Each structure stands twice: as structure tokens, then as C-alpha cells.
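Below is one structure, written out as C-alpha cells; the observations come after it.
What follows draws every value from the coordinates through simple rules; no lab data is involved. The model shown is predicted, which means the values in this text are computed figures rather than measured ones.
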Amino acid sequence: MRTIISSVVATMLFVPAASLAQDRLTLELLWQLKRVSGPAVSPDGSQFVYGIRQYDIAENRGNTDLWIMSVEGGSPRQLTDTPGSEFNYTWRPDGRKIGFLSSQSGSVQLWEMNPDGSDMRRVTDIDGGIGNFSYSPDGGHVSFTRDVKLDQTPNEIHSDLPLANARIIDELMYRHWDTWHD
């Protein structure tokens, strides 16, 4: 199974490159190549989800959409086609839903959909968004992390310098090997 997934990912990466072999590899051609992210195999081992990221040079942004494919091979099927990226995808332990993170609601939240791409819905509504998530083994709970602000930024301390990009260090030993306070 791992060999099939590896060969599919390698094929997706190198087929576009082979078609470009007659041209010089320029930055524009490099940005036209799509990037494939790692697969997430379903709990029953029959199919896997992966992401394909495309870049738009004019807009200076990238977009990742999710695709699904059988581990036996065949044609891949696109699951998402949204303006924002979907990332950090995984299967629920029961295999009935695919969970992923997306910022299409304004902040990064957990979303779920059926393996055929239908019934996409937001699961969390955490103020400020979340950083990542994981399902419990029985699928009954979700753990997640989020960034928490600890101190005032230099811009908040010195409101007359809103564009300053600085770090205030008020102790000689500000960095230690066992801790880092940012």
C-alpha cells in the first residue's frame, strides 16, 4: 500500500515536470508546478486523502485543495474547491468523516466533510482560531491548540511607533537553553 501511495505522489510530481522538459526551468515554470502534501490513509485502509497546492503569482498566494484516491489506484477525485486552503487533514477514527482546518469562516477552524466531499460543515467556533487538532481514539472528543497572547507587543507599549518591528529585552540573559519566552 505504501508503494502505491508513493508511486502516485511521485507520478503527480514528475509528470508535469516531464511535460516541461523541453523548456528551461524558470521561476515562472517552477511556480506553475503543483505541490502534493502527504497522504492520510482511511482507517479501513481503502483510500487516502491528500492536498494539492497551487500558486498564483499575480495574487502572491497559494491555495491547497483536498483530493481523494483509492489505494488500489484509479482516478483521483477533488473534494474541495474553495478560495481558502484546507490543511492538517485527517480521518475521524470511525472513517465516516474527514476533518481538516480551514480559514474560510474568517479564522482557522475545524471543519468536517463526508469522504465524497459532501456535507462540509464547520465543527468549531473558537475565538481567534485554532492551530491544530486531533481526534480521541473513540472519536468522541477533539483536542486542539491555539495561540495565547502573553505580553504586550512593542507596538502596544509604544503606540506612537505602530510600524516598529522590534523586540524589547530588559534583562541581560533573555534567552536560556531550556526556555524561550516570546
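Over all alpha-carbon pairs of the range 22-90, lay out the pair-distance distribution in 10 Å bins, whole %, shortest bin first.
In whole percents, the pair-distance histogram is 19, 43, 26, 11, 1.
How large are Rg and Dmax for the range 23-168 when only the alpha carbon atoms are used, in Å?
19.0, 62
In square nanometres, what is one fourth of the surface area of the convex hull spanned by the alpha carbons of the range 83-131? Write out the running numbers ahead of the final one.
Details: hull surface 13.7 nm².
Average of the hull's projected areas for the range 83-131 equals 3.4 nm².
Counting only residues 5 or more places away or on other chains, whose amide H sits under 5 Å from the amide H of Thr124 once H atoms are built in the peptide plane?
Those lying under 5 Å, H to H, from Thr124 are Leu110.
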